[in-house]
Amino acid sequence: MDIKTLDQIKDQFYGPEGTPERDRIENELQALRIGLKIRAAREKMCLTQEELAQRVGKKRSFISKVENDGGNITLKTLYEIVEHGLGRKLHVEVV
């Protein structure tokens, strides 16, 4: 049985790191991770999407979109959701 790492599978299907297709996929995965982290924090606080939306002055459908996609969210909005809505600290790192 030929076992491959996740990076080897990504290389095979999307190309090596630094190629446009691989960068696109990595960015989409990062956006998905952000949405999942927001959902997990909200659920840990026993908040509904509606309650979180009210805390940050957004619609429930917007919170749903962020949690399910995470893409096309501004840094300002992410800050509002995390710091004002969830009472957490947002840490952004550039590597």
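Side notes on the structure shown:
- ³J(HN,Hα), Karplus 6.51/-1.76/1.60, whole Hz, each residue of segment 67-77, x for Gly, Pro: 5, 8, 10, x, x, 6, 10, 6, 4, 4, 5
- Electrostatic tally near residue 37: other residues with Cβ closer than 10 Å to its Cβ, Lys and Arg +1, Asp and Glu -1, net +3.
- Label-to-label distance for residue 68 and residue 19 is 3.1 nm, based on points extended 7 Å past Cα in the beta-carbon direction.
- Over the chain: Kirkwood hydrodynamic radius from C-alpha pairwise inverse distances, Å: 14.8
- Entry note, the chain: the mean residue ellipticity at 222 nm calculated from DSSP H runs of n ≥ 4, each adding -39500 (n - 2.57), is -18000 deg cm²/dmol after division by the residues and rounding to the nearest 500.
- Rounded to the nearest Hz, the phi-derived 3J(HN,Hα) couplings of segment 14-24 under the Karplus curve 6.51 cos²θ - 1.76 cosθ + 1.60 (θ = phi - 60°) are 10, x, x, 3, x, 7, x, 5, 5, 4, 4, where x marks glycine and proline.
- FRET efficiency, 1/(1 + (r/R0)^6) with R0 25 Å, evaluated for residue 78 and residue 6 via beta carbons: 0.45
Every number here is computed from the coordinates shown, using simple stated rules; none is lab data. Treat the numbers as computed from the prediction; the structure is a model and nothing was measured. No Cβ is skipped: glycine too gets one built from the backbone with ideal geometry, and neighbour counts run over all protein chains shown.
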